[in-house]
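Quick note: the coordinates plus some simple rules give every number you see, no bench work behind them. Remember, it's a predicted structure, so these values are computed and weren't measured experimentally. Glycine gets a Cβ as well: all are built from the backbone with ideal geometry, and neighbour counts include every protein chain shown.
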Amino acid sequence: MSFLQPWLLAALPLVALPIIIHLINQRRYQTVRWGAMMFLLTANRMARGFARLRQYLIMAARMLAIAGLVFAVSRPLASGWLGLAAGGRPDTTIIVLDRSPSMQQKGIGGGDSKLATGVHQLAQTLATLKSAHWILIDSVTKKPVQLDSPEALLKSPAAEPTSAASDLPGLLEAAYEYTQANKSGRTDIWICSDLRQNDWNPRSGRWQALRESLLSLRQGVRINLLAYPEAAEGNFSVRVSDVRRVQNGPAADLVLSVRLAREGEDQSRASIPLHFEIDGARTEVMVEMDKSPYELKDYRIPLESKQPRSWGKVTIPADLNPADNDFYFAFEKPVPRHAIVVVEDNQVARSLQLAAAITPDPGITCSAEVVAAEQVANVEWEKVSLLLWQGPLPEGEAARHVQEFIKRGGYAIFLPPKVPGDREFLAARWKSWTDSASKDALVANWRGDQDLLANTQSGAQLPVGQLQIHRYCQLAGDFTPLAGLQGGSPLLARSTQNHSGAYFLATTTSPADSSLATDGVVLYVLVQRAMAAGAASLGTIRQLAAGEALPANLPDSWQRLAGPEDALSGAYPVHRGVYLAGDQLLAINRPMEEDQAPILDDGRVADLFAGLNFIRVDHRAGHIGILIEEIWRPFLFAMIVALIVEAALCLPRYVAKAGSPS
Amino acid sequence: MFKDRRTRSFLDAAALSRLAAVPLFARRPMQGTVSGRHPSPHRGSSVEFAEYRKYVPGDDLRRLDWRAYGRSDRFYVKEFEADTNLRCCLVLDTSGSMGFGPAGATKLDYARRIAGALGYLALQQGDAVGLSCVANGLARNILPKRNPAHLIALFDLLEETRPHGETQLALVLHELAETIRQRALIVIISDLFVEPDLLGSCFQHLRFRRHDVAVFHLLEAQEMEFNFRRPMRFLDMEGGTSIFADPTEIADRYHRALNAYLTELRRVVLESSVDYHRVLLDENYERVLTRFLVGRAHGKGAQ
C-alpha cells in the first residue's frame, strides 16, 4: 500500500497510546480500605476468561481506531505499487509515452487501445499523485514538452497514436538530459509502453550508460513502468513487400507481393480477404493463409489508369490492432537505370559493364557507360543510378561530383586500384594488396539479412561462399563490413558516412584477382541491387517507413492524399498514408520491425532497470479499473467500527448485575 | 431511665418511642425466670387455656374442673399457658471489616443502633439482655440481666467497642451456643464475612440448643455495587494481604462470587430457620427494626 501523505504515518506510534494510558492508569491507582475481601479473593481465584479477553479486545479496538484514523489521514492508495509516492510529492514528473503502432492494439472484446487506456490511466493517476511540473516526452518528437496538468495529456496531440516505432532508450536519455539540464528535484519517470522488443532494443549498449547516468543523478529518480505486455494473439498484419508497375503492351499491370503475418502460436488455416484500392478502383482477393508469415507473390492487377505514377493501399478486416491492417504504396513507371563505369583495367570494365547493362526485367531499361576518370565532371549525374569505380579513389573535382552524387541518393561501388595510393575518400582508403598464394582466400561470412548481399526473396542465400578470392586489397578507415574473408579482412564494406550508398569491394572482377566475373551471379546481383537502389532516388515516388530520416531534398509542406484524417500536417511523416511533397509521391507505413515484434519478458525488463528505483505494474488495454484510487473511506469506516466495538465492550454490564443480589 | 442523662450517639429517643409500640416477641417458647410476655414450654397460671389433663393424686384439688366432672363423671385438671420473660443475647461483630463505610455511618455504627434499640426494647418489656462482642474471639461479654441499670453497662460497652481484628464469628457462635442457657433469643449483628457452610453449622448448633436466632446481615452499598472505575489497591480491614485489581476487569467475577455467597447464605438460613434480615447501610434502621418486630409479632407462637 502507498500513501499520498506518507509523512503522516509518522503518527503511527500513537497506536500505542491506549497501552501507554493503560499503563499510566495502572500506576495512578487508589487505595481503599475494604471489608469484603473474601469476594475479591474468590474473584481472583476464578478463571478470568472473557473478562481478560474483553480487556484485550477493548485495547485492540482502541488501537485499531487510532491506526484507522492515522491511515485515513495519510490518504492511502489502492494499488499494488509498493512504495509508490513513499517520498511524497515529486518535483517533476516525466511521462515517457510509447506511441508506436503496436500500442494501438485493443483489448479483447474491443474498447480502448493500449495507448488510449494508458494515457487515460496516467492522467487519472498522476492527477491523484500531484507534482510540481509535468513533462511529456513522446516517442516521435523525443523532446520534453511541459504540460499544465495531467489532464492535458488527454487532449495533447503528442499523445495520439502514430505509425512510427519508438526508441525507448532514446526517450529515457531525453528524460535524463532534461532532469540534468533543469536540475529538477525528485523526479518520477512514468513509462507507458507495450514492451515490444523493437521499441526497447534491449541489446543496445545505451542501456548500460543510461542506468549509470540515472544512478548518478543526485536528486533521485524513480521509474514507474505502466506496461501493457498483452500479446495480440491472432492479430493479422499486412505489408506490401514489393510493388512494380509493369508495362504490358499498351496497358500496364501492377505486380504486388503482399506479406501476411499472424501473431501468436496459432498456425491454423485462415481465409483472409485482401482489399486493394488503386486509383479508386477496388479489388478483393481471398487468400488462404496456411502458415505465418504468408506471402502472396507477384499478384498482378491490371491498371486502368494511364498515369505513369499513382498510389494504392491494401487492407485486411479489422482485428485487435487496426494500425497494421492497411498498407499504402506508390508506384510509377520504372526509371531507366544508368551506370557509370570508371576503371583502369579493361578486363574489369567489361565484366562490370555487362553486369550493369543486362536488365533483370524486360520492362526496365538498363545501360552502362565506361568513362575515364578525367571525364567524370562531364557526366550527367542526375540520370545516373550507380557508379562503379575501379582505380585510385577520386580526388579533387571528381571527388566533389561523386560525393554530391552519393548525397543525392546515388549508389557507388569502389574497387581497388592496381597500386593503392594514400588517397582517402569517405573516410576510407586502400592499403595494400594481399596474395592468397598457398590457398585461395574464401569468404568467411556475409550479411544475408540485409543490404546488397541479402538473401533472395525466396530465402535462398547468394553463392557468396563459393567465390574464390585470389588477391584482395586491404581497406582502412570507417566502414561497416558486409562480407569478410577468412582472416578477418573485409571483402565488401559500406561507408558509414552520411548513410551513404558508397560500398568498397576489396577485390576486382579480374580473373587474376577473383572469380567474381567467372561466377557472375554474386556480381550481377550486387550490381543490380545497387542500381535499383540508386534508381529509386531518381524516381518521383518514395516508399518510406514512418519516423525514418527523410530524403534531404523534400519540401516542408506536404499534401495528404490518403491516410488517417486526424493527423496534423506537421506530423505527416509519422502517420501512415500517401502524401504529395513537391513532385515526390510518398507512401509512408509503419516500420517493418513493428510487425510481429516479440514482447520483452519480465526478467529482461527488470535487468534493464537493475539498480534503479523501479516499479512496474502490468495493465490491460480497455481495462477501466482505476490504477490508483484513494481508499481512505474503508479506513475511516474501520475506525468507526472499532469505536463502536470499543463502546459496546465498555458498556458497564456489571452495573446491571450489581442490582441483582437481593 | 438514665441516671447520668448521658446522650448516646446510637440512640434516638423518638425512634425508640415509636418502636416501643410493637413488642418484641420470641418465635418459639422461651425459658425465662420470671413471668413475661413470651410463651413458656411449661404450663402456668395465665388466663390463656392450654389443655385438660387427667387428675393424678397429688394434684392441687383447686385446679379440678368441676363442670367437666359433672358432665363426664371423671376428674380433669384444667391447665393454662405459662408466660415468661426471655434472655436476649445480642452478638455484635466488632471485627475490622465492621469499620467499613463512611465516617460516622460505618457498619459498626449501624450495628450499635440496632443493638442499642433492641436492648432497650427488650429490657423495657422485662426481658434480660446481654451483649457479646465478637472479633478474634469473644472480646467482651455481658451476661443477660433484666435490671434496667444493666442497660447502662450495655450501652457503655456498645460505645466503647471499636472494629478491630479478624472475624472468628463461627467459633464464637459455637461457644455461645454451648454457654448460653437453652431457649434464648440470639440476635447476631454482623457483615457475616464467613463461609456460609461454617455459618450453617453454627446456626444448626444454636437451633439444636433451641435458641431463637435472628441475624442482621449488614452490607454497604459499595460492596454490592463494586462500581469503582480506576485501578484500586484494596487494603484488608482485618489485616490480611492487600489486593491490587482493575475493577473493570474483576468486577464481573466479584459479582459472581458475591451472588454465589448470597445464594448459599439464603439456603443456609432457610435450612436453619434463622430470622435473617439483609440490611443495606443506606436503609433507615428504624424501618429495619420495625420490619423485624412486626414480622415477629405475626409469627408469635410459631414453634
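Rounded, prolate or oblate: which one fits region A:337-536, using the alpha carbon gyration tensor with axes a ≥ b ≥ c (rounded when a/c is under 1.5, else prolate when a/b beats b/c, else oblate)? The shape class here is rounded. Determine the sum of side-chain charges near B:Gly32: Lys and Arg each +1, Asp and Glu each -1, restricted to other residues whose C-beta is under 14 angstrom from that of B:Gly32. Taking every other residue near B:Gly32 into account, the sum is +4.
Between A:Leu215 and A:Leu651, residue separation times 0.36 nm minus the direct Cα-Cα distance comes to 151.1 nm.
So what's the angle, to the nearest 10 degrees on a 0 to 90 scale, between helix A:114-129 and the longest Cα principal axis of chain A? With both axes taken from Cα atoms, the answer is about 40 degrees. The Cα center of region A:463-537 and the Cα center of region A:7-58 differ in position by 93 Å. Other residues within the sphere of radius under 11 Å centred on the Cβ of A:Ala399, judged by their own Cβ, net out at -2 (K and R +1, D and E -1). Which one, A:Trp632, A:Val527, B:Asn284, is farthest towards the positive end of the dipole of the protein assembly as shown when Lys and Arg carry +1 and Asp and Glu -1 on their Cβ? The residue sitting farthest along the positive end of the dipole is B:Asn284. Rounded to the nearest whole Hz, the Karplus-based 3J(HN,Hα) values (6.51 cos²θ - 1.76 cosθ + 1.60, θ = phi - 60°) of region A:532-544 follow the sequence 5, 5, x, 5, 4, 6, 8, x, 10, 10, 9, 9, 10, with x at glycine and proline. Normalised by residue number, the volume inside the convex hull of the Cα atoms of region B:38-84 is 77 Å³ per residue. In chain B, what % of DSSP beta bridges are antiparallel (nearest 5)? Taking every DSSP beta bridge within chain B, about 45 percent pair in antiparallel fashion.
Angle of helix A:396-408 to the longest C-alpha principal axis of chain A, folded into 0 to 90 degrees and rounded to 10: 50°. For the peptide B:237-245, the mean number of other protein chain Cβ atoms found within 10 angstrom of a residue's Cβ is 4. Residues A:Cys192, B:Cys133, arranged from fewest to most other Cβ atoms within 10 angstrom of their Cβ, appear as B:Cys133, A:Cys192.
Along region A:257-274 the Karplus relation, 6.51 cos²θ - 1.76 cosθ + 1.60 evaluated at θ = phi - 60°, assigns HN-Hα couplings of 10, 10, 10, 10, 9, 10, 7, x, 8, 5, 10, 6, 5, 9, 9, 10, x, 9 Hz to successive residues, with x for each Gly and Pro. Between A:Leu354 and A:Ser241, residue separation times 0.36 nm minus the direct Cα-Cα distance comes to 37.9 nm. Here's how it looks for A:Ile541: its modeled amide H is under 5 Å from those of A:Leu585, which are all 5 or more places away or on a different chain.
Counting other C-beta atoms within 10 Å, which of B:Cys88, A:Cys473, A:Cys650 has the fewest, and how do the rest follow?
A:Cys650, A:Cys473, B:Cys88
Modelled spin labels at A:Asp607 and A:Met592, positioned 7 Å past Cα toward Cβ, are 2.6 nm from each other. Amide H contacts of A:Ile189 (H built 1.01 Å from N, in plane; Pro and chain starts excluded): A:Ile94, A:Arg222, A:Ile223, A:Asn224 sit under 5 Å, all sequence-distant by 5 or more or on other chains.
Partner shielding of B:129-135 amounts to 0, given as the average count of beta-carbon atoms from other chains within 10 Å of each residue beta-carbon.
Rounded to the nearest 0.05, the FRET efficiency derived from the C-beta distance between A:Arg633 and A:Gln5 at R0 = 22 Å is 0.90.
Against chain A, whose longest principal axis comes from its Cα atoms, helix A:632-650 is set at around 20 degrees. Rounded to the nearest whole Hz, the Karplus-based 3J(HN,Hα) values (6.51 cos²θ - 1.76 cosθ + 1.60, θ = phi - 60°) of region A:158-165 follow the sequence 6, 10, 7, x, 9, 9, 8, 6, with x at glycine and proline. May I ask what percent, to the nearest 5, of DSSP beta bridges between residues of the protein assembly as shown are antiparallel? Expressed as a percentage, antiparallel bridges in the protein assembly as shown total about 55.
Between B:Arg256 and B:Arg67, residue separation times 0.36 nm minus the direct Cα-Cα distance comes to 61.3 nm.
Net charge in the neighbourhood of B:Ala105 (other residues with Cβ under 15 Å of its Cβ; Lys, Arg +1, Asp, Glu -1) is -4. Residue-normalised convex hull volume from the C-alpha trace of region B:236-303: 142 Å³ per residue. Shape of the protein assembly as shown from its Cα gyration tensor (a ≥ b ≥ c, root eigenvalues): rounded if a/c is under 1.5, otherwise prolate when a/b > b/c, or oblate? Cα axes put the protein assembly as shown in the prolate bin. Modelled label positions at A:Ala281 and A:Asn553, each set 7 Å beyond Cα in the direction of Cβ, lie 3.2 nm from each other.
Here B:Lys78 and B:Ala105 are evaluated by their C-beta separation; at R0 = 51 Å the FRET efficiency comes out at 0.40. Taking H placed 1.01 Å from N in the peptide plane, check which residues at least 5 places from A:Thr365 or on another chain put their amide H under 5 Å from its amide H. Amide H to amide H, under 5 Å and 5 or more residues apart or across chains, A:Thr365 pairs with A:Arg337. Working ranking of peptides A:335-342, A:364-371, A:161-168 by packing, defined as the average number of other Cβ atoms within 10 Å per residue, highest first, is A:161-168, A:335-342, A:364-371. With a Förster radius of 30 Å applied to the C-beta separation of A:Ile21 and B:Asp282, the computed FRET efficiency comes to 0.30. The label-point distance for A:Gln307 and A:Ser268, in a model that sets each label 7 Å from Cα toward Cβ, rounds to 4.3 nm. Among A:Lys130, B:Lys54, a tally of other beta-carbon atoms within 10 Å of each Cβ gives an order, fewest to most, of B:Lys54, A:Lys130. About its Cα centre, the protein assembly as shown has a charge dipole of approximately 6980 debye under the convention of +1 per Lys or Arg Cβ and -1 per Asp or Glu Cβ, with nothing else charged.
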